[in-house]
Amino acid sequence: MLASAVNSALQSVSFPNSKPRLLLVSDSNDRLSSLKAGLNHTGFDITVVCSLEELVVACHDCHDLVALDVSPAQIAPMLKQIRTSASHTTIPVLVEATRLTNDLTLAGLLPEYRAMPCSYTEMLQLVQRGNEAHSDDPAPRRVL
């Protein structure tokens, strides 16, 4: 009877996920699919977001890294939402910057929100590198 109670209690306990948690944000389903395809899915617990409304909800959870690929019009509100969320104030934010290079109104925005601009290829490499570092020693949960 005691063993049955212990087994029942253990089944209801959720253990923390040892995989790094990646928040993947894009305003295009095609670009989002491309990003996911370029990543090692088994190495991450991935949360996918396609709008600011979904980002607000996703920011209630904790993540280790954000990969952001959105249009210039959406970058400021999304970065603001990420950085004003209590669990996302200090995590690395990678921004796919090729879509942002011609918009002068965004000058200084990425440094203000401590976001790192990178190309699509660099973003995938940095995310993978962060996962490799995480698998070596999961205790500190540092991605980059």
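The values are calculated or read from the model by the stated rules, or taken from the named source; none is laboratory data. Keep in mind that what you see is a predicted model, and the values were worked out from it rather than measured. Counting neighbours? That spans all protein chains shown, and the Cβs are built from the backbone with ideal geometry, glycine included.
Hey, any hits in region 106-120 for a residue that's outside any helix (DSSP H, G or I), of a type outside the set (Val, Ile, Thr), modelled with pLDDT under 90 and loosely packed, with under 11 Cβ neighbours inside 10 Å? Within region 106-120 (the criterion being outside any helix (DSSP H, G or I), of a type outside the set (Val, Ile, Thr), modelled with pLDDT under 90 and loosely packed, with under 11 Cβ neighbours inside 10 Å), the answer is yes, since at least one residue qualifies. Looking at the structure I just gave you, is Thr101 surrounded by fewer than 20 Cβ atoms within 10 Å (Cβ to Cβ), at negative phi, in a strand (DSSP E or B) and of a type outside the set (Phe, Trp, Tyr)? Considered against the rule, which asks whether it is surrounded by fewer than 20 Cβ atoms within 10 Å (Cβ to Cβ), at negative phi, in a strand (DSSP E or B) and of a type outside the set (Phe, Trp, Tyr), Thr101 comes out as no. Within region 121-131, the residues that satisfy the criterion of being surrounded by fewer than 17 Cβ atoms within 10 Å (Cβ to Cβ) and either free of Cβ contacts under 8 Å to residues at least 60 places away in the same chain or of a type in the set (A, V, I, L, M) (or both) are Thr121, Glu122, Gln125, Arg129. Identification of strands (runs of 3 or more DSSP E) wholly contained in region 3-73 with 3 or more residues that are at pLDDT below 95, more than 20 Å from Leu110 (Cβ to Cβ) and under 12 Å from the mean Cα position of the chain (by Cα) yields 45-49. Residue count for region 102-128, restricted to those that are out of contact with any strand residue (DSSP E or B) (no Cβ under 9 Å at 6 or more places or on another chain) and within 19 Å of Arg31 (Cβ to Cβ): 5.
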